[in-house]
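Enquirer: Dropping the structure in here first, questions after.
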Amino acid sequence: MNVLRQMQGFFWAKRSFLYLSILCLAIATALGLVTPNLLRKLIDEAIVPRHFELVPALALTVIGVVTLKAVMQFLSGMLGGRLGNYLAYRLRNGCYEKLQVLSFRYYDTARTGDLMSRLTGDLEAIRQFIAFGIPQILNTILMVVFGAVMMLSISWQLTLATMISIPFLVFVALKFEGKIHPAFQEMRLALSALTTSVQENITGVRTVKSFAREPHEVDKFSVRNERYKNNQIFASGLWSRYFPVMELLASICVVLLLGVGGTLVIHQSLSLGELVAFFSLIWYIIGPMWNIGYLINNYTQSEASGERVLELLNQPIDVKDKDNAVALSSDEVKGHVTFEHVTFAYGNKLAAIQDINLDAPPGSVIGLLGGTGSGKSTIIQLLMHAYNVNSGSIKLDGKNINDIQVRSLRSQIASVFQETFLFSSSIRNNIAYGLKDVTMDEIIRAAKLAKAHDFIMEMPDGYDTVVGERGMGLSGGQKQRIAIARALLKNPKILILDDATSAVDMETEHEIQSGFQEVMKGRTTFIIAHRISSLRHADEILVLNEGKIVQRGKHEDLITVPGPYQDVYHIQYADHIARMNGNAGEQVSS
Ligand SMILES: Nc1ncnc2c1ncn2[C@@H]1O[C@H](COP(=O)(O)OP(=O)(O)OP(=O)(O)O)[C@@H](O)[C@H]1O
């Protein structure tokens, strides 16, 4: 119930549906009680005293009542269904919006399959509970209460006899629930493992195929499929045992009532009509008992689903705008970036970067070089305010980025990452991603600068060619060039190239970089690269090792001093250096 209270905001606007649905349900349940009474009348006042002229009117009344009850049930179901759908719709939107604002820190540990199941399976469980679960629970309560009152008004002795069987029925129902609940949970886990297999297999299809691991994947899937099948067999075994046991208990109750009721009729303390009416009321009490296990199960499952959805909705946002955060105006931003003693660690891990200082005046190019895990990408992530720094400060034009609206800050930055993500849409839309009012000419200009225009024009539909999910159908280099075009089109004040040209050949890298020279003018650019050729024109190169800056300076200076930069230079330019030395040797000897 606490879960429902917390979700109130999502369905409160349509609460009238809930009230009307409950009202219709109460009317339908109450109308259900009229039929046994009419039966009693029919037997005691028409059939036994042989007043057959009353039969047509009573029969018509029964039909009228049953029809009205059906209409009420329909309305209750329809209104409940609408409310359930409305709530699920609002929650789905709410969850999706939340996913957009959650910080990177959340995504560092989030699992795709888990999030998908919250947005699908869990939301469906909540919808079902609101649409059918709540009406069923209320229906059960109303049936038991109305039925018991009515029974008591007919015969307290028979009511007592009925009540004797109830503890047994409830006991069996609860025992069953105790077994079926874990079985369902196990089934859900097995299904989740099964879907994860499929998801990972499809996502990682290239890796699977390149390692020829198809048989292993098939085996893995078979094991999980088997586990799911066994769970289902176990659960259906439980169900198939449950109903016969309940039926047996109910039949014993009916036999008992026949005995007691028959005796009362013989001794004329009960009329025949009353006995028949009582029998049709028994199901008012026993019927709901059959469902009690299912209802409890349904309730606990939906509550668990509700908690999982609420956990996502209530997830704290790590990086968010301060109340007085300012919005940047593109015309005023110059792009002067400074890091002052910045230290940062992911979660409880060791610091990923330590005491980083840098000054990137507007229009300058900063190169970042360092081994794997040395902290290059972390510096960039912090500049985009993906995480909050642990200590120190990052400033843009002298303003601490903590005081700038996150979206406004990011709108000044365009990045091209190592891995390019393309949406399954046209190339044109992928290049113009996130930008409104972009002309085709601008898109083509950006694509030309990124050296993407020619290969796009060779594609069947040119810029309208739809690329597959994650850019399937394009080479790594082509994807990267589209990403570069996307970044250039954004016309940012700060450009980030995180190993941006790693997937293109040296020649194309050179071509793209000469394109960059032009577009980088007036923009502060950060280049992360493993190739010295990408960094050599930078105004300052920072060499990182284990999160610390170990060398800094210009290419020409860095190659002259012993250190990691010179080492990398020697490795990458071994041929060139050998040639130079050879020439020098020749000159000396000649
Ligand atoms: N999202 C994350 N969660 C936890 N730790 C992380 C995360 N990203 C990076 N790290 C850790 O932070 C350190 C610095 O990583 P970073 O990605 O900045 O290195 P890098 O120099 O860019 O490496 P590469 O050249 O391989 O991309 C590493 O020890 C890495 O394991």
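The values are calculated or read from the model by the stated rules, or taken from the named source; none is laboratory data. Every value quoted in this text rests on a predicted model; they were computed, and no experiment measured them. Here the Cβ positions follow ideal geometry from the backbone for every residue, glycine too, while neighbour counts run over all protein chains shown.
Enquirer: In the list SER426, SER415, which residue meets the criterion of being touching a strand residue (DSSP E or B) at 6+ places or on another chain (Cβ under 7 Å), of a type in the set (Ser, Thr, Tyr) and crowded, with 20+ Cβ neighbours inside 10 Å? Give the steps one after another, and end with the answer.
Expert: Values: SER426 fails: crowded, with 20+ Cβ neighbours inside 10 Å.
Of the residues listed, the single one that is touching a strand residue (DSSP E or B) at 6+ places or on another chain (Cβ under 7 Å), of a type in the set (Ser, Thr, Tyr) and crowded, with 20+ Cβ neighbours inside 10 Å is SER415.
Enquirer: Another one. Among the candidates LEU383, LEU369, LEU358, single out the residue that is under 34 Å from the mean Cα position of the chain (by Cα) and either of a type outside the set (Val, Ile, Thr) or at pLDDT below 90 (or both).
Expert: On the way: LEU369 fails: under 34 Å from the mean Cα position of the chain (by Cα); LEU358 fails: under 34 Å from the mean Cα position of the chain (by Cα).
One residue alone meets the criteria, LEU383.
Enquirer: I'm checking my understanding of the structure. Among residues of the stretch 387-412 that are surrounded by 18 or more Cβ atoms within 10 Å (Cβ to Cβ) and over 18 Å from ARG486 (Cα atoms), which one is farthest from the ligand (Cβ to nearest atom)?
Expert: Selected residue: ILE404.
Enquirer: Of the residues LEU312, LEU328, which single one is assigned to a loop (DSSP other than H, G, I, E, B) and in contact with a helix residue (DSSP H, G or I) (Cβ under 9 Å, 6 or more places away or on another chain)?
Expert: Numbers: LEU312 fails: assigned to a loop (DSSP other than H, G, I, E, B).
Unique residue meeting the criteria: LEU328.
Enquirer: Does LEU295 satisfy being within 30 Å of GLN128 (Cβ to Cβ) and either of a type in the set (Phe, Trp, Tyr) or part of a helix (DSSP H, G or I) (or both)? Step through it out loud before you land on a result.
Expert: Working: within 30 Å of GLN128 (Cβ to Cβ): yes; either of a type in the set (Phe, Trp, Tyr) or part of a helix (DSSP H, G or I) (or both): yes.
So LEU295 fits the description; yes.
Enquirer: Before we move on, is ALA235 in contact with a helix residue (DSSP H, G or I) (Cβ under 8 Å, 6 or more places away or on another chain) and either of a type in the set (Ser, Thr, Tyr) or free of Cβ contacts under 8 Å to residues at least 40 places away in the same chain (or both)?
Expert: Values: in contact with a helix residue (DSSP H, G or I) (Cβ under 8 Å, 6 or more places away or on another chain): yes; either of a type in the set (Ser, Thr, Tyr) or free of Cβ contacts under 8 Å to residues at least 40 places away in the same chain (or both): no.
So ALA235 fails the test.
Enquirer: OK, next. Among the residues of the stretch 136-144, are any surrounded by 20 or more Cβ atoms within 10 Å (Cβ to Cβ), touching a residue at least 12 places away in the same chain (Cβ under 8 Å) and farther than 18 Å from ASN37 by Cα?
Expert: For the stretch 136-144, residues surrounded by 20 or more Cβ atoms within 10 Å (Cβ to Cβ), touching a residue at least 12 places away in the same chain (Cβ under 8 Å) and farther than 18 Å from ASN37 by Cα: present.
Enquirer: Taking helices (runs of 4 or more DSSP H) that do not extend beyond the stretch 384-466, which have at least 2 residues that are under 30 Å from ILE356 (Cα atoms)? Break it down into steps so the answer makes sense when it comes.
Expert: Values: elements: 406-410, 427-431, 440-449, 453-457.
So the answer is 406-410.
Enquirer: Right, here's the next one. Quick check, is THR420 away from the ligand (no atom under 14 Å from the Cβ), at pLDDT below 90 and of a type in the set (Ser, Thr, Tyr)? Walk me through how you get there before you give the answer.
Expert: On the way: away from the ligand (no atom under 14 Å from the Cβ): yes; at pLDDT below 90: yes; of a type in the set (Ser, Thr, Tyr): yes.
Yes, satisfied.
Enquirer: Looking only at the stretch 344-386, count every residue that is of a type in the set (Lys, Arg) and either more than 10 Å from the ligand (Cβ to nearest atom) or in contact with a strand residue (DSSP E or B) (Cβ under 8 Å, 6 or more places away or on another chain) (or both) and tell me the total. Full working, then the answer.
Expert: Residues of the stretch 344-386 that are of a type in the set (Lys, Arg), as a first pass: 349, 376.
Next, only the ones that are either more than 10 Å from the ligand (Cβ to nearest atom) or in contact with a strand residue (DSSP E or B) (Cβ under 8 Å, 6 or more places away or on another chain) (or both) stay: 376.
Selection size over the stretch 344-386: 1.
Enquirer: So how many residues does the stretch 526-549 have that are within 13 Å of the ligand (Cβ to nearest atom), assigned to a loop (DSSP other than H, G, I, E, B) and out of contact with any helix residue (DSSP H, G or I) (no Cβ under 6 Å at 6 or more places or on another chain)?
Expert: 4
Enquirer: Looking at the stretch 331-343, is at least one residue more than 16 Å from the ligand (Cβ to nearest atom) and out of contact with any strand residue (DSSP E or B) (no Cβ under 9 Å at 6 or more places or on another chain)? If you could, list the steps in order and put the result at the bottom.
Expert: At the first step, the residues of the stretch 331-343 found to be more than 16 Å from the ligand (Cβ to nearest atom) are 331-338, 340-341.
If we keep only those that are out of contact with any strand residue (DSSP E or B) (no Cβ under 9 Å at 6 or more places or on another chain) as well, we get 331-332.
Yes, the stretch 331-343 has at least one match.
Enquirer: If you don't mind, there's one more thing I want to ask. Does ALA452 meet the test of being farther than 24 Å from VAL337 by Cβ and surrounded by 24 or more Cβ atoms within 10 Å (Cβ to Cβ)?
Expert: Judged against the criteria, ALA452 is a match.
Enquirer: Could you pull out the residue among SER103, SER117 that is in contact (Cβ under 8 Å) with a residue 60 or more places away in the chain, hydroxyl-bearing (Ser, Thr, Tyr) and either surrounded by fewer than 18 Cβ atoms within 10 Å (Cβ to Cβ) or in contact with an Asp or Glu (Cβ under 9 Å, 6 or more places away or on another chain) (or both)?
Expert: SER103
Enquirer: Continuing with the same structure: Could you tell me whether the stretch 199-214 includes any residue that is β-branched (Val, Ile, Thr) and surrounded by 18 or more Cβ atoms within 10 Å (Cβ to Cβ)? Spell out how you get there, then give the answer.
Expert: Going through the stretch 199-214, the residues β-branched (Val, Ile, Thr) turn out to be 202-203, 205, 207-208.
This time we only want the ones that are surrounded by 18 or more Cβ atoms within 10 Å (Cβ to Cβ), so: none.
No, because not a single residue in the stretch 199-214 is β-branched (Val, Ile, Thr) and surrounded by 18 or more Cβ atoms within 10 Å (Cβ to Cβ).
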